[in-house]
Every structure is written in structure tokens, then in C-alpha cells.
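Asks: Supplied in C-alpha cells, the structure appears directly below.
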Amino acid sequence: MHPTAQLFYDIGEPYAAGLFEHPEKGYFYRHSLAMARYYEALEPAVYEGEPLYPAGRKTYDRGYTVAPGHAWTYSVNWEALGQKSREAAVILGEFHAISRYPDSGGWTHSAPNYKRILKEGLASYRERVLARPEGEEFREGLLALLDGMEIYLKKCADYLRGAGAPERLVKAVEKVPFAPAESFFEAIEAWNLIFYFDDCDNLGCLDDGLIDYWDGGDYTDLIEQLFINIDTVGHWSCTIGHSYNAITEQALRAIRGHRRPMLELMVDDDMPESLWELAVETIRSGCTNPSFYNKRGIYDMLKKRFPQIPDNEIALFCGCGCTETTLQGISRCGGTDGNVPLLQHLETWLFAHLTEVSSFEEFYEGLCAYSCEEIDRHLDRIIGWYEYMAKYLPHPMRTLFTDDCIDKGLDFNGGGARYTWTQSSDSGLINVIDSLLAIRELVFRKKKYAPQEFLDLLAAEDAQFYAELKKCPHFGVDDEDADALAQDYVRRMYAVYHDKKPGGFIDGCILTEHQFSRYERQGLLVGPTPDGRHRGQPTCDSIAALRGKAGDGPTAMLKSASKLPMAEGISVLNLTLAKNFAGKALEPLVKSYFTLGGIQVQVTCTSAEELQDALAHPDKYPDLIVRVGGYSEYFQRLTPALRQAVVERNVHELG
């Protein structure tokens, strides 16, 4: 035994120990062995009578400071590791530094090929691995990982039998996912086990994968347990509706009362009215689910962006977060590979150049050129990060779960997936548009302020000046002139992504307006801006009209949003509706928006009065769920700034 590996075994850190058993070997083998050792040592999760096993966070809290991770291969609690052994922390820190690019990207979400694993079983995957050349580190690493997973499942089955679990659950854990599933219960238990092996990231295209095993029964309770699991661990999404079936309906019933997963309902012209009624009823229940996705629009977008992908594979789309563009089981897509701070670009250009230009057109052209250069540099940094991950940060579990990694003999992060692309997000898009409209109106069209006076009053956050800003044209009210500027600006920004030729194994770059909770952090970095935003306030949370500016109603707002070019990614659109509006108008509203070319809508169903009261008395509303910047969260858990931002949105009601 290598002495470093023994050190980590002695302090109870099997993952780290596995990394150092054979330090002379490559990173893929070392991380594969580390994952194997982790599962060999991992004790079964506590069983408390849940219908599926494991459940909740019980697989997470085991005292290990080094463990597998879905986004960055592995995670480390450095403080806790240092308390166990300072020497061990130093050794792992030196190793860790090698695999950390100085300007790293963001989260890598993904979804395993659940459907194939259920049909073939991981035993067939083992046969494909065994067919690779003997002695190959890739082959030996995956075989070690599969052995470790089997050892863990055997321990789980023995534990469950001793704990008096139902026999069908014990037998399912003994069988799947290594053998093919043959019943609905085996299929959903296999789905659950794969979900946990993948570190609980995403549930993929659930109804499309489970319908083959449906025997006519109502399995809402089992689907709900899957949703409870993803909600409890705090991770992401699940896609339904590529083909409408009984599981689609049961999933819509199962999501009630849960903030997660973000249930992504694919909407097409042939979606049954019964599903519309159920979706609207579920939204009105207050869980902010489902989100509505334009099936045809997404398929067309992907086909245009990646014409080499056949239609049957495009139908594997799943959002994997909120707007990530992933093909279940066959793609490696960066979740949010960094952020383009568009509003910071505007602030920089505004204070450096407004006094130097003679026209709005000159100012605008300069800003666009500056932002495009910054975006191009940003993409170069991301591509460098991908190349670095390919060399130093393999991901054996996702290599196992993603086609065509085994056949190619390549790691998930190193070009093994059938398709690899990067996806970046931006912040402050609508703030920039409204700021440009205000600059054009007050400095160049009406000439109400000289450039330096405009800058001085803005920096001082002068109250009278801000009153003038509020009177300016703005995006989101179906104003043809405002929408034309927005359309041109977005097209220019998106063009950088479309024209970027990454080379290597990366197929392309995608941009999305995906804010998550980033819009609070980004706002703290930017001073007062001409859209009427004060210093440090959050930026926009979606492509909807800025908070409080959608006074002409949701139809006008959606018409403006639909004019934005959406051929490069999926942009979040948050919509807050009162229950009477959601009940009567939500379906035609979403259908009309999608007909106009809109891609995605996510809805919070509440009232202005309820939000105001929750702002004043958050403890009274422990179950109030709201859409934030592309995800759902309990209102009570939000920071004060995010609560205020949610309350400031327009709540659309029927008169």
C-alpha cells in the first residue's frame, strides 16, 4: 500500500485514499479507483419506510470530507479534512491545485442515459468495458468502479432485508440497475439508484423512460418520492412531455407541494386538454410547477444550431437545471459556464465614452463592439477550462452513464460524449436595453441633459433625475421602437456565440439568459444605471420587463419578449399571476407566446397582497414558493434583497 493512501485510509477518507493507491497512473484510473473505494466503504443509507431506496439526504451525511461530485468530479470539505489531519490536507491540496484551472467554468449539469440503463442493465455496460483492450487504464478504471457499485448495492440489499423492508424493494435493489428492469417498480427503483449514483443532479426525461414499464397502475406516490428526493437534496430538474402519456399526468400530480424538481413540461399543439387543465391546476396550487417549454421551438432551435443532430436525438432534450440545453445520456453540456456581465460592460462604456460621442449610434456601436470583444475573450477562457478538465478532471461515473464514452474509450470531460458544447449565461440584459433607451431619449433625442450632467446626476442618484428615467421608453410593453433596439442588441451578442469556432471536441457555444440567484450578486458589483436601478440593487431576473415596468399587462410583455432572437439558447421568462388569471388565462397566454416564438415560461401564482405580507412577516409563509431567477425557492429562505426583488414584480390579475 502506498504510504499516502494508507494515511487517508487511517483517517477514514476512502475516496482520497483511492486517489493515491497508484499515483503513477493517469487521472482517469485514479478517480475511478477513488470512486470504487468510496462505494466499497460507504455504509447503506438509513431506511425509514420510504417506498424507494435510498431517500432524501441520508446518503450524503456520512462524515467523509472527500466525496464524488456531479459537477467537478469530487468535492472537499477542507476545514474538516484539516481537522482530521493537517498533513493529509496539505497533500490533497497539492493534488487538488493541479486539477483546478485558475479561471474555471461553472456547474456541469447532466442526465444519465436512464432509459438505456433500465433496458440493458449495467451488466451489459460491463461487457462493453471488458471488450476494450486488456491493460488499458480506461478499461481497468471503469471495471473497478462497477465492482465498487456492486459491492455497495449488495450491502444495501443485505441491510434492507435486516431492516424488515418490503421484499419487492429488497429484490429490486439486488437486481437493478445491473440487470434490466422488468416491472414498473423495478424501473423506478433503478431510476432512483442511478440518480443517487450520479450524485443527485437531474431526473432526465422521466415519463418517456418509464412508460415502457407501465402496467396501468397509479404510481403517483412513487414518482412523488423521486421528487421528494431531489427536493430534499436541493438539486434540479425533470423533463416531461416529449410524448404525452399516463406518467406525464402522474408526474404533474406528484409535484404538488414541492419546490423541486423544476418540472419542465414540453408543450406542443397536440398536448391533451386534460394535461393543460392539470398543469394549470397544479400551478394554482402554489408550487410554481410545471414550467412550460415550447417543444417545437426548442427542437427547431437545436436543429438550427446543431444540424448534425438527428431528430430522434433532439427529442432527448432536457433542461437539466432551468435553461441548460442537454440531450439526456448523450451530451456533455456545461450548465452555466461562467457569466457575461452585460450591465457592467454598459457601466464601464457609459462613464468612459458618453462624453466623447456625437450621436447615440456612435455610443451604441462602441458598446456593442466592446461587449462582443469581452464575450469572445470569455469564451476563450471557457474553452481553456474545458481543455484543462479533459486533462486533469475526468468524471468516471458520467463516463459510464453517457453514450459514447465507453465505445470511444474517452472520458466524459474529454470528448467521450456524443456531443459536447459550452453554455454560458449573461446578466443584466434587460437592464442594458432599458438603459440604452433612456440614454437615447434623454441625451440624444430630447437633449434634456448634456452627457456629463447625465452622468453626474446618475452617479448622485438624484431623485428628480430618477423620476425622468421612469418616464423613458422601456422594454416589455410591446413598444415597437424599444423592441427593435432590444432585438438588434441581443442579435449582436448572440452572434458571437454562433460564430465562435471552438475546435477540438467542443461542438459549439450557447448563450442563455439564466440568472439563478446570480442577479443579486451581479447587482452588488454595479453602480446606478440609467434603467432606474439604484446602486447595488439586483439586475433583471429574466427576459421579462424589469420589475414594476410591465404595467401594460402580460400580453404586451410576452409580445416584446417573443421578438428577442432565441436561436442560441433557452432564456428564462418569469411571470407572476394571480390565481384568477392563472385559472382563466394561463393556457391561452402560454400558447400565444409560443406561437409568436417564445421558448419558455415559468410562473409564480400568488397575489401582490400575499407577497407584501410575506415580505413583512416571512415566518407566516413557510410554504410560499416563488420563482427566482430560473429556479424555485421558499420565499422565507431568500435573502432580503431577493425577497424585495420578487415583491417588486408586476402581479397580473383579471379585473
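Asks: Can you report the number of residues in the range 280-300 which are open to solvent by 20 Å² or more (accessible area, probe 1.4 Å) and of a type in the set (Phe, Trp, Tyr)?
Replies: Selection size over the range 280-300: 1.
Asks: Suppose we keep only residues that are over 17 Å from Cys509 (Cβ atoms) and assigned to a loop (DSSP other than H, G, I, E, B) within the range 417-445. Which one would you say is modelled with the lowest pLDDT?
Replies: Selected residue: Gly428.
Residue-by-condition table, conditions (1) farther than 25 Å from Asp231 by Cα; (2) without any contact (Cβ under 8 Å) to a residue 24 or more places away in the chain; (3) out of contact with any helix residue (DSSP H, G or I) (no Cβ under 8 Å at 6 or more places or on another chain):
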| position | (1), (2), (3) |
| --- | --- |
| Glu264 | no, no, yes |
| Asp268 | yes, no, no |
| Met271 | yes, no, yes |
| Trp276 | no, no, no |
| Ser291 | no, no, yes |
| Met301 | yes, no, yes |
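Asks: Determine which member of the set Thr355, Thr326 is within 30 Å of Tyr29 (Cβ to Cβ) and not aliphatic (A, V, I, L, M).
Replies: Numbers: Thr355 fails: within 30 Å of Tyr29 (Cβ to Cβ).
Unique residue meeting the criteria: Thr326.
Asks: Also, I was wondering about something else. Listed residues Leu642, Leu615; which is assigned to a helix (DSSP H, G or I), of a type in the set (A, V, I, L, M), open to solvent by 40 Å² or more (accessible area, probe 1.4 Å) and over 18 Å from Arg296 (Cα atoms)? Please lay out each step first, then the result.
Replies: Working: Leu642 fails: open to solvent by 40 Å² or more (accessible area, probe 1.4 Å).
Just a single option satisfies the conditions, and that option is Leu615.
Asks: Residues that are of a type in the set (Phe, Trp, Tyr) and touching a strand residue (DSSP E or B) at 6+ places or on another chain (Cβ under 9 Å): does the range 109-124 have at least one?
Replies: First pass over the range 109-124, keeping only residues of a type in the set (Phe, Trp, Tyr): 114.
Okay, now just the ones that are also touching a strand residue (DSSP E or B) at 6+ places or on another chain (Cβ under 9 Å), so 114.
Within the range 109-124, one or more residues are of a type in the set (Phe, Trp, Tyr) and touching a strand residue (DSSP E or B) at 6+ places or on another chain (Cβ under 9 Å).
Asks: Any residue in the range 467-490 that is crowded, with 19+ Cβ neighbours inside 10 Å sitting within a Cβ distance under 6 Å of a residue that is among the aromatic types (Phe, Trp, Tyr)? List the pairs, counting only those 6 or more apart or interchain.
Replies: Correct list of pairs: Ala482/Phe475; Ala486/Phe475.
Asks: Just checking, which of Ala144, Ala187 is over 18 Å from Glu48 (Cβ atoms) and within 30 Å of the chain's Cα centre (by Cα)? Break it down stepwise before answering.
Replies: Values: Ala144 fails: within 30 Å of the chain's Cα centre (by Cα).
Answer to the check: Ala187.
Asks: When you scan the range 446-465, how many residues do you find that are part of a helix (DSSP H, G or I) and under 21 Å from His353 (Cα atoms)? Break it down stepwise before answering.
Replies: So in the range 446-465, the residues part of a helix (DSSP H, G or I) come out as 451-460, 463-465.
Applying the additional criterion that residues be under 21 Å from His353 (Cα atoms) yields 451-460, 465.
Summing the residues that are part of a helix (DSSP H, G or I) and under 21 Å from His353 (Cα atoms) in the range 446-465 gives 11.
Asks: Then there is this: Look at the range 580-600 and say how many of its residues are open to solvent by 60 Å² or more (accessible area, probe 1.4 Å), assigned to a helix (DSSP H, G or I) and either closer than 14 Å to Asn294 by Cα or without any contact (Cβ under 8 Å) to a residue 60 or more places away in the chain (or both). Full working, then the answer.
Replies: Of the range 580-600, the ones open to solvent by 60 Å² or more (accessible area, probe 1.4 Å) are 580, 584, 588, 591-592, 595-596.
Then keep just the ones that are assigned to a helix (DSSP H, G or I); that gives 580, 584, 588, 591-592, 595.
Next, from what is left, pick out any that are either closer than 14 Å to Asn294 by Cα or without any contact (Cβ under 8 Å) to a residue 60 or more places away in the chain (or both): 588, 591-592, 595.
Of the residues in that region, 4 qualify.
Asks: Filter the range 181-197 for residues that are buried (at least 24 other Cβ atoms within 10 Å of the Cβ) and charged (D, E, K, R) and give the result.
Replies: Answer for the range 181-197, where residues must be buried (at least 24 other Cβ atoms within 10 Å of the Cβ) and charged (D, E, K, R): just Glu189.
Asks: Separate question: Somewhere in the range 401-414, is a residue open to solvent by 10 Å² or more (accessible area, probe 1.4 Å) and basic (Lys, Arg)? Steps first, please.
Replies: Looking only at the range 401-414, we keep the residues that are open to solvent by 10 Å² or more (accessible area, probe 1.4 Å), and these are 403-404, 407-411, 414.
Within this subset, residues satisfying the condition of being basic (Lys, Arg) are 408.
Checking the range 401-414: at least one residue is open to solvent by 10 Å² or more (accessible area, probe 1.4 Å) and basic (Lys, Arg).
Asks: Note down all Cβ pairs under 7 Å where the first residue falls in the range 189-215 and is farther than 19 Å from Met262 by Cβ, the second is of a type in the set (A, V, I, L, M, F, W, C) and part of a loop (DSSP other than H, G, I, E, B), and they're at least six residues apart or on different chains.
Replies: Note: pairs meeting the criteria are Glu189/Leu52; Glu189/Val176; Ala190/Val176; Ala190/Ala181; Leu193/Val176; Tyr213/Ala181.
Asks: Turning to a different aspect of this structure: Can you spot a residue in the range 120-137 that is aromatic (Phe, Trp, Tyr), within 15 Å of Pro54 (Cα to Cα), modelled with pLDDT of 95 or more and buried (at least 20 other Cβ atoms within 10 Å of the Cβ)? Break it down stepwise before answering.
Replies: So the first thing to find is which residues in the range 120-137 are aromatic (Phe, Trp, Tyr), and the list is 125.
Retained after the next criterion (residues that are within 15 Å of Pro54 (Cα to Cα)): none.
No, the conditions are met nowhere in the range 120-137.
Asks: Okay, next question. Going by what's in this entry, would Ile375 be described as out of contact with any Cys (no Cβ under 8 Å at 6 or more places or on another chain) and among the β-branched types (Val, Ile, Thr)?
Replies: Numbers: out of contact with any Cys (no Cβ under 8 Å at 6 or more places or on another chain): yes; among the β-branched types (Val, Ile, Thr): yes.
Answer is yes for this residue.
Asks: Would you check if Leu458 is farther than 30 Å from Ser124 by Cβ, crowded, with 23+ Cβ neighbours inside 10 Å, out of contact with any Asp or Glu (no Cβ under 7 Å at 6 or more places or on another chain) and not acidic (Asp, Glu)? Step through it out loud before you land on a result.
Replies: Numbers: farther than 30 Å from Ser124 by Cβ: yes; crowded, with 23+ Cβ neighbours inside 10 Å: yes; out of contact with any Asp or Glu (no Cβ under 7 Å at 6 or more places or on another chain): yes; not acidic (Asp, Glu): yes.
Answer is yes for this residue.
Asks: Can you go through Gly366, Gly384 and tell me which one is open to solvent by less than 20 Å² (accessible area, probe 1.4 Å), in a helix (DSSP H, G or I), free of Cβ contacts under 8 Å to residues at least 24 places away in the same chain and out of contact with any Asp or Glu (no Cβ under 6 Å at 6 or more places or on another chain)? Walk me through it before giving the result.
Replies: On the way: Gly384 fails: free of Cβ contacts under 8 Å to residues at least 24 places away in the same chain.
Just a single option satisfies the conditions, and that option is Gly366.
Asks: Collect the residues in the range 301-315 that are open to solvent by less than 90 Å² (accessible area, probe 1.4 Å) and assigned to a helix (DSSP H, G or I), keeping them in residue-number order.
Replies: Met301, Leu302, Lys303, Arg305, Glu313, Ile314, listed by residue number.
Asks: Moving to a separate point now. I'd like the full set of residues that are in contact (Cβ under 8 Å) with a residue 12 or more places away in the chain and open to solvent by 50 Å² or more (accessible area, probe 1.4 Å), limited to the range 354-363.
Replies: Thr355
Asks: Here is a follow-up. Considering each of Leu210, Leu193, Leu222, Leu252 in turn, give the residue that is of a type outside the set (Val, Ile, Thr) and more than 25 Å from Leu122 (Cα to Cα). Outline the logic, then answer.
Replies: Numbers: Leu210 fails: more than 25 Å from Leu122 (Cα to Cα); Leu193 fails: more than 25 Å from Leu122 (Cα to Cα); Leu222 fails: more than 25 Å from Leu122 (Cα to Cα).
Just a single option satisfies the conditions, and that option is Leu252.
Asks: I'm trying to understand the selection: among the residues of the range 618-639, which are out of contact with any Gly (no Cβ under 9 Å at 6 or more places or on another chain), open to solvent by 40 Å² or more (accessible area, probe 1.4 Å) and of a type outside the set (Phe, Trp, Tyr)?
Replies: Correct list: Asp619, Lys620, Pro622, Gln636, Arg637, Thr639.
Asks: Here's a follow-up. Quick test of your reading of the structure: Val572 fulfils all but one of (1) open to solvent by less than 40 Å² (accessible area, probe 1.4 Å); (2) under 23 Å from Leu265 (Cα atoms); (3) more than 25 Å from the chain's Cα centre (by Cα); (4) not small (Gly, Ala, Ser). Name the failing condition by number.
Replies: Unmet condition: (3).
Asks: Here is a further query. What residue, of Tyr494, Tyr519, is touching a residue at least 60 places away in the same chain (Cβ under 8 Å), surrounded by 19 or more Cβ atoms within 10 Å (Cβ to Cβ), touching an Asp or Glu at 6+ places or on another chain (Cβ under 9 Å) and closer than 26 Å to Val626 by Cβ?
Replies: Details: Tyr494 fails: closer than 26 Å to Val626 by Cβ.
So the residue among Tyr494, Tyr519 that is touching a residue at least 60 places away in the same chain (Cβ under 8 Å), surrounded by 19 or more Cβ atoms within 10 Å (Cβ to Cβ), touching an Asp or Glu at 6+ places or on another chain (Cβ under 9 Å) and closer than 26 Å to Val626 by Cβ is Tyr519.
Asks: Shifting gears a bit: Which of the residues that make up the range 225-250 are open to solvent by less than 10 Å² (accessible area, probe 1.4 Å), in contact with a Pro (Cβ under 8 Å, 6 or more places away or on another chain) and of a type in the set (A, V, I, L, M, F, W, C)?
Replies: Passing the criteria: Phe227, Ile230, Cys238, Ile240.
The values are calculated or read from the model by the stated rules, or taken from the named source; none is laboratory data. All values reported here derive from a predicted model rather than from experimental measurement. Ideal geometry is used to build each Cβ from the backbone, glycine not excepted, and the neighbour counts take in all protein chains shown. The area values use the complete protein model at the heavy-atom level, side chains included, leaving out ligands, DNA and RNA. Shrake-Rupley method; radii C 1.70, N 1.55, O 1.52, S 1.80 Å.
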